[in-house]
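Beneath this line is the structure, given in structure tokens, with notes to follow.
The values are calculated or read from the model by the stated rules, or taken from the named source; none is laboratory data. If you're wondering where the values come from, they're calculated on a predicted model, not measured in any experiment. Ideal geometry is used to build each Cβ from the backbone, glycine not excepted, and the neighbour counts take in all protein chains shown. All accessible areas refer to the heavy atoms of the entire protein, side chains included, with ligands and DNA or RNA removed. Shrake-Rupley method; radii C 1.70, N 1.55, O 1.52, S 1.80 Å.
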Amino acid sequence: LPSFQTIMVFNFGTRAFLVSKQKTKIEIDKCIVLGPIKLAFEYNLPPNSQILVANFKDDAFFRFFGKACLADHFPVHPDEAMEENCFTRLWFELNNIQTAEEKVAHILNFCRPYLNLQTPASNLLANFKSDTLSPIKFVAEKTGQTERNIQLLHKKHFGYSAKEINRFQRFEKALRYIQEISLSSKTISWFEVINRCGYYDQSQLIHDFKHFINLSPKNYLKFQQDICQAAGE
């Protein structure tokens, strides 16, 4: 599923693949970075493949690399974003560590010297929680900046606009609600989903499902029910 986060994928076995909804196949050798992930894609993991995916939350990628849209359209090796050849070295270090927990701890320790602090405006944007207020207008007033400056900062630091993330969060809310219903014995009401999640009508709901995950709401619900039934068995 889309996450609107930039991801770094380490591969420690047979070459694995990422496949977009347009059927573009991206090969993972040792390490790639791409994102922000705005559309669903598939992992293709052949026998003896082993991947570890690091997610950069909110503006973490910008704080690490100094840019947010490094791989907005094409994956790249992370060494290309740094002056030193550090990620190739990191991959060899991780490859000699046995457990996933130890690998994660090693990555976190590696990151600390590179990670910059959030700016006050980025902190406010990352922690903004309101269904009624505009994050851009709110942060502009709090920081004494123009709304245009905050819009540009949002895109630069997060890799997407406030409008984009607002649309995704509405869609994400619909997914959570549908998942809750699929785990219960209730019959889902699509009009209730529309009203609860802030959609104008059913066509707008369907459009977002097609856009983000290339499935209709009904097909997604069936997908959820199939998974839950398989898990129960």
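Tabulated results
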read-out	value
Derived scalar couplings ³J(HN,Hα) [region 142-151; Karplus, 6.51 cos²θ - 1.76 cosθ + 1.60; whole Hz; x for Gly, Pro]	5, 9, x, 10, 6, 5, 5, 4, 5, 4
Chain lengthening between residue 108 and residue 166 when straightened (0.36 nm per residue, less Cα-Cα)	18.0 nm
The chain - percent of accessible surface contributed by carbon and sulfur, probe 1.4 Å	51
Pairwise centroid distance, computed over Cα atoms, of region 101-140 with region 1-72, Å	20
In sequence order, calculated HN-Hα J values of region 18-25 (Karplus, 6.51, -1.76, 1.60; Hz; x Gly/Pro)	10, 10, 7, 5, 7, 6, 6, 9
Pairwise label distance in nanometres, residue 57 with residue 24, each label 7 Å out on the Cα-Cβ vector	2.9
Cβ-Cβ FRET estimate between residue 211 and residue 86, R0 fixed at 35 Å, reported to 0.05	0.45
Modelled FRET efficiency - R0 30 Å, residue 155 with residue 50, Cβ distances, 0.05 increments	0.30
Positive minus negative residues near residue 205 (Lys, Arg vs Asp, Glu; Cβ under 15 Å)	+3
Accessible surface, region 1-48, averaged per residue in Å² (probe 1.4 Å)	47
Rounded accessible area of residue 92 (nearest 10 Å², 1.4 Å probe)	110
